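Structure first, commentary second.
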Amino acid sequence: MIILLFSISSSKVLADPIIKQVTIDPAEPPPLSTITFNATLLSNEPIKETWLLIQECRNDMCFVHDFNISMMKTTNNTYQAQCTLIQEEATQFKYRLKIVTNKTLYISNTTIIPLIVAAKNNATQEPSTPGFEIPLLVLSIVLILVFDQWRRKSDGKL
């Protein structure tokens, strides 16, 4: 009985696909970029489908829109997919692989990839102004001239 239970549990472990390697290009993507994923998978059973599940996040809060992208088989053990990120405020993305074989559905652990966010350096940027200075300056000069003319006319009548 013990041997039977051990053989059943060990066959389940051997049936799970093995994710040998996942590469992304570019290796350090910025927000809004298009990323190519290549996954090398090994399995004792034929793989029917492979999906890429992606979430864009800002720190620990993920955005509502998720990606569920079918991966295409490129060689015997390699699958490929592309994804274009859509959140400009994202600082990282998370991905998992969903692999479907004849008898099992396997979802990998979550992998977190940081995005390269350009640092905003306020010291080198000129301060932004709304553009109201010139009209106010012109109005001030006109009011001073009008007031000065009115004062001169008032002084001349006395």
Residue check for N59: at pLDDT below 95 and at positive phi: yes
Tally the residues that are farther than 23 Å from I116 by Cα, of a type in the set (A, V, I, L, M) and assigned to a loop (DSSP other than H, G, I, E, B), restricting the search to the stretch 59-104. 1
Which condition does S33 not pass, out of (1) surrounded by fewer than 18 Cβ atoms within 10 Å (Cβ to Cβ); (2) without any contact (Cβ under 8 Å) to a residue 40 or more places away in the chain, if it passes all the others? (2)
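The values are calculated or read from the model by the stated rules, or taken from the named source; none is laboratory data. Not measured: the values here are computed from a predicted model. Positions of Cβ are generated from backbone atoms using ideal geometry, with glycine treated the same way; all protein chains shown enter the neighbour counts.
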